[in-house]
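J.: Got a structure here, written out as structure tokens. Questions coming.
The values are calculated or read from the model by the stated rules, or taken from the named source; none is laboratory data. Please read these numbers as outputs of a predicted model, since none were measured by experiment. Note: ideal-geometry Cβ built from the backbone for every residue, glycine included; neighbour counts use all protein chains shown. Side chains included, ligands, DNA and RNA excluded: accessible areas come from the protein's heavy atoms. Shrake-Rupley method; radii C 1.70, N 1.55, O 1.52, S 1.80 Å.
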Amino acid sequence: MNLELVRSRLEALGLTEAAARLDTRAEQAAKADWSYTEFLHRLLEEELAERQRRSLETRTRLARLPRQKTLDNFDFAAQPGVDQRLIRELAALGFVDRGDNVCFLGPPGVGKSHLACSLALRALEEGHTAYFTTLDRLILDLQRAEANQTLQRRFRVYLKPRVLVLDEIGYLPLDRAAGNLFFQLISRRYEHGGSILLTSNKSYGEWATFLGDDALAAAILDRLLHHAITINIRGESYRLRDRRRAGLEPPPAKTG
Ligand code: ADP
Ligand code: MG
């Protein structure tokens, strides 16, 4: 049998990794006396592994997550306000399968974005799609699309991924038009059923203030929280803690 012909057929079928390894594996098979099934199995496993590696690479690139926010480099000891068991359970991704949302609330620097991104990374590892954006960037992007009459098409970027990270809700006040775009996104993802990983420095009670509208805040929260877990993180900023350890910041003021 002509190996060259087999290789060209594998390539025609898009089995490029198997095609590339055919020669070596055929030689090995002959030497080690592999069965036909074993030979085929090894070649297919290698094809599959390479496809999964490429798929992860592509999905990771498209997700635009900030780098190095993994669960492994989250220091749970430094943040006793975070329930490590709950985070480990979330990392098993049942919430993604159910399409539930996870909201991290708390002051700046306590690890909200880090945890949200690390869960999105887990979702990528398990074969899901994800996308990261901040609320500001989302609004700017949708407003630009609206001006170009491409809003509906643009929405797909935020509706398609299985997991959407919406970072930094509430840092800046939103005007009515922006608030309405935010509502549309939440409402449409609610209908589509994909998970949102959200971070905010504002408690839900304060959302009406940065949205400037009680009814809009209620409508957004109603949908967002229908199937959601909220994780309130208290405690001190990790950045400040580091700076303090380096002697750059005074110790926290004693209260009470
Ligand atoms: P937040 O979103 O709550 O403002 P971040 O998640 O951005 O805070 O955390 C601020 C910085 O400190 C980031 O670089 C983050 O990776 C790091 N960080 C925060 N908490 C921890 C932690 N417990 N372990 C390791 N790094 C942390
Ligand atoms: Mg953050």
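J.: Do the conditions hold for Ala77, that is, is it open to solvent by less than 40 Å² (accessible area, probe 1.4 Å), of a type outside the set (D, E, K, R), more than 27 Å from Arg162 (Cβ to Cβ) and without any contact (Cβ under 8 Å) to a residue 40 or more places away in the chain? Before the answer, list the steps.
T.: Numbers: open to solvent by less than 40 Å² (accessible area, probe 1.4 Å): no; of a type outside the set (D, E, K, R): yes; more than 27 Å from Arg162 (Cβ to Cβ): yes; without any contact (Cβ under 8 Å) to a residue 40 or more places away in the chain: yes.
Criteria not met by Ala77.
J.: A further question follows. Filter region 133-152 down to residues that are out of contact with any helix residue (DSSP H, G or I) (no Cβ under 6 Å at 6 or more places or on another chain) and in contact (Cβ under 8 Å) with a residue 24 or more places away in the chain and give me whichever is nearest to Val96 (Cα to Cα).
T.: Looking at residues that are out of contact with any helix residue (DSSP H, G or I) (no Cβ under 6 Å at 6 or more places or on another chain) and in contact (Cβ under 8 Å) with a residue 24 or more places away in the chain, I get Thr133.
J.: Another question, then. Are any of the residues in region 79-97 of a type in the set (D, E, K, R), within 16 Å of ligand 2 (Cβ to nearest atom) and out of contact with any strand residue (DSSP E or B) (no Cβ under 8 Å at 6 or more places or on another chain)? Break it down into steps so the answer makes sense when it comes.
T.: If we filter region 79-97 for residues that are of a type in the set (D, E, K, R), which is where we start, we get 83, 85, 88-89, 97.
Cutting the leftovers down to within 16 Å of ligand 2 (Cβ to nearest atom) gives us none.
So far as region 79-97 goes, no, none of its residues is of a type in the set (D, E, K, R), within 16 Å of ligand 2 (Cβ to nearest atom) and out of contact with any strand residue (DSSP E or B) (no Cβ under 8 Å at 6 or more places or on another chain).
J.: Mind listing whichever residues of region 195-223 are open to solvent by less than 10 Å² (accessible area, probe 1.4 Å), of a type outside the set (Ser, Thr, Tyr) and not in a helix (DSSP H, G or I)?
T.: If the condition is that a residue be open to solvent by less than 10 Å² (accessible area, probe 1.4 Å), of a type outside the set (Ser, Thr, Tyr) and not in a helix (DSSP H, G or I), then Ile196, Leu197, Leu198 are the ones that fit.
J.: Between a residue in region 157-174 that is within 12 Å of His128 (Cβ to Cβ) and of a type in the set (A, V, I, L, M, F, W, C) and any residue that is part of a loop (DSSP other than H, G, I, E, B) and away from ligand 2 (no atom under 16 Å from the Cβ), which pairs come within a Cβ distance under 7 Å, given they are 6 or more apart or on different chains?
T.: Short answer, once both residue conditions are applied: Val163/His128; Val163/Gly194; Leu164/Gly194.
J.: I'd like to check something: does region 209-221 contain any residue that is of a type in the set (D, E, K, R), assigned by TED's automatic domain parsing to the domain that holds Phe104 and away from ligand 1 (no atom under 16 Å from the Cβ)? Write out each step before concluding.
T.: Restricting attention to region 209-221, the residues satisfying the condition of being of a type in the set (D, E, K, R) are 213-214.
Filter again for assigned by TED's automatic domain parsing to the domain that holds Phe104, leaving 213-214.
Now narrow it down to the ones that are away from ligand 1 (no atom under 16 Å from the Cβ): 213-214.
Among the residues of region 209-221, at least one is of a type in the set (D, E, K, R), assigned by TED's automatic domain parsing to the domain that holds Phe104 and away from ligand 1 (no atom under 16 Å from the Cβ), which makes the answer yes.
J.: Sort through Ala30, Ala18 and tell me the only one that's aliphatic (A, V, I, L, M) and open to solvent by less than 70 Å² (accessible area, probe 1.4 Å).
T.: Working: Ala30 fails: open to solvent by less than 70 Å² (accessible area, probe 1.4 Å).
After ruling out the rest, the residue left standing is Ala18.
J.: Give all pairs with beta carbons closer than 7 Å in which a residue from region 224-247 that is at negative phi and open to solvent by less than 60 Å² (accessible area, probe 1.4 Å) meets a residue that is charged (D, E, K, R) and part of a loop (DSSP other than H, G, I, E, B); count only pairs at least 6 apart in sequence or on separate chains.
T.: Ala228/Asp100; Ile229/Asp100
J.: Still on this structure, I have one more. Any idea which of Gly179, Gly205, Gly170 is under 16 Å from Ala218 (Cα atoms) and either touching a Ser or Thr at 6+ places or on another chain (Cβ under 7 Å) or within 16 Å of ligand 2 (Cβ to nearest atom) (or both)?
T.: Only one candidate passes the filter, namely Gly170.
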